[in-house]
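Asks: First the structure, which I've put down as structure tokens, then a few questions once you've had a look.
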Amino acid sequence: MVRILLTNDDGIYSEGLRILREALEAVGEVYVIAPEGERSAISHAISLKRPVRCWQISERVWASDGTPVDCIHLALHFLETPPDLVISGPNNGPNMGEEVFYSGTVAAALEAGILGMQAMAISVVARRNHLYDTAAYVALRIAERMMRDPLPPRTVLNVNVPNLPKEFLKGFKVTRLGRRIFNNSIVEQMDPRGARYYWVGGGEPRFLEREGTDVYAVSRGLVSITPLRADLTAYEELEKMIGWEVL
Ligand code: MN
């Protein structure tokens, strides 16, 4: 039986995690290790300088006061052998383009990849009224595909699902990351005592509408699947820079 580890950055009591877990229990043995509460936009943080607590909630389910990346490490500690597949999400919002750098959901999947596991991050592209049944259905289908034909080492999938009933999905597209437009990312306000404060990353993100990207696919009702790697090396530049004479 396939062994699946679930985590997220929306917290162990999130509706999406419950729905995905129920769907996966029909096909495998499901383990959950997730943060006790919301850790969205915590990115790849790991708790190096404080103790992390972890407590069992029910059979195969643990909550932790750590980050999503901590949860991946804790999973390897609690499980006798690594899971066959790690799924992070479904997140209660998109993780497209440069958003993957802020996302705790994507970070957990990347960490699982770095540690040698098959992994996907899955996110629902909506701010409210998320249709998690659709995301669970998509996760299951992609999981089946990954189990038949595993990804190369250290490669993980970043899946973004349009917030549609599953019969309205137009299909899927394998995509590259889109590009976010950053303007007016700071919202300046006055607090009740007359001091200024700043809301970073305020407002709805905007993206360039480029064909072949995650954003483009999702806006056309397609599930976007982007293969990701933690290796950020710019290989073309590396080639060109070999001739540099700096020192
Ligand atoms: Mn989140």
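Asks: Being among the aliphatic types (A, V, I, L, M) and farther than 18 Å from M120 by Cβ is the filter; apply it to the stretch 27-52 and report the residue that is farthest from the ligand (Cβ to nearest atom).
Replies: Looking at the filtered set, the residue picked out is L48.
Asks: Okay, moving on. In the set G104, G89, which member is within 16 Å of the ligand (Cβ to nearest atom), within 19 Å of L24 (Cα to Cα) and buried (at least 24 other Cβ atoms within 10 Å of the Cβ)?
Replies: After ruling out the rest, the residue left standing is G89.
Asks: So for the stretch 221-229 (the condition being outside any loop (DSSP other than H, G, I, E, B), surrounded by fewer than 16 Cβ atoms within 10 Å (Cβ to Cβ) and out of contact with any helix residue (DSSP H, G or I) (no Cβ under 8 Å at 6 or more places or on another chain)), does at least one residue qualify?
Replies: yes
Asks: If you check P83 against the conditions, is it under 25 Å from L140 (Cβ atoms) and within 14 Å of the chain's Cα centre (by Cα)?
Replies: Judged against the criteria, P83 is not a match.
Asks: In addition: I'd like to check something: does the stretch 109-125 contain any residue that is polar (S, T, N, Q), within 8 Å of the chain's Cα centre (by Cα), under 12 Å from P68 (Cβ atoms) and surrounded by 23 or more Cβ atoms within 10 Å (Cβ to Cβ)?
Replies: No.
Asks: For the stretch 174-219, give me the residue count where each residue is assigned to a helix (DSSP H, G or I) and touching a helix residue (DSSP H, G or I) at 6+ places or on another chain (Cβ under 9 Å).
Replies: Residues that pass the stated criteria total 2.
Asks: Which of (1) part of a helix (DSSP H, G or I); (2) hydrophobic (A, V, I, L, M, F, W, C); (3) in contact with a Phe, Trp or Tyr (Cβ under 9 Å, 6 or more places away or on another chain) does M147 not meet, given it meets every other one?
Replies: Looking at each condition in turn, M147 falls short on (3).
Asks: Among the listed residues L6, L17, identify the single one that is under 20 Å from M117 (Cβ atoms), within 16 Å of the ligand (Cβ to nearest atom), assigned to a strand (DSSP E or B) and not β-branched (V, I, T).
Replies: Within the list L6, L17, the selection yields L6.
Asks: Whether any residue in the stretch 155-173 is without any contact (Cβ under 8 Å) to a residue 12 or more places away in the chain, surrounded by fewer than 19 Cβ atoms within 10 Å (Cβ to Cβ) and part of a loop (DSSP other than H, G, I, E, B) is what I want to check.
Replies: no
Asks: Pull up the stretch 14-42, narrow it to residues that are touching a Gly at 6+ places or on another chain (Cβ under 8 Å) and more than 19 Å from L79 (Cβ to Cβ), then point me to the one that is surrounded by the most Cβ atoms within 10 Å (Cβ to Cβ).
Replies: Here the residue is R39.
Asks: Is there a residue being of a type in the set (S, T, N, Q), touching a helix residue (DSSP H, G or I) at 6+ places or on another chain (Cβ under 6 Å), closer than 16 Å to E15 by Cα and free of Cβ contacts under 8 Å to residues at least 40 places away in the same chain anywhere in the stretch 130-153?
Replies: Yes: the stretch 130-153 contains one or more residues that are of a type in the set (S, T, N, Q), touching a helix residue (DSSP H, G or I) at 6+ places or on another chain (Cβ under 6 Å), closer than 16 Å to E15 by Cα and free of Cβ contacts under 8 Å to residues at least 40 places away in the same chain.
Coordinate-derived values only; no laboratory data. Fair warning: this is a prediction, and the values are worked out from it, not measured in the lab. Counting neighbours? That spans all protein chains shown, and the Cβs are built from the backbone with ideal geometry, glycine included.
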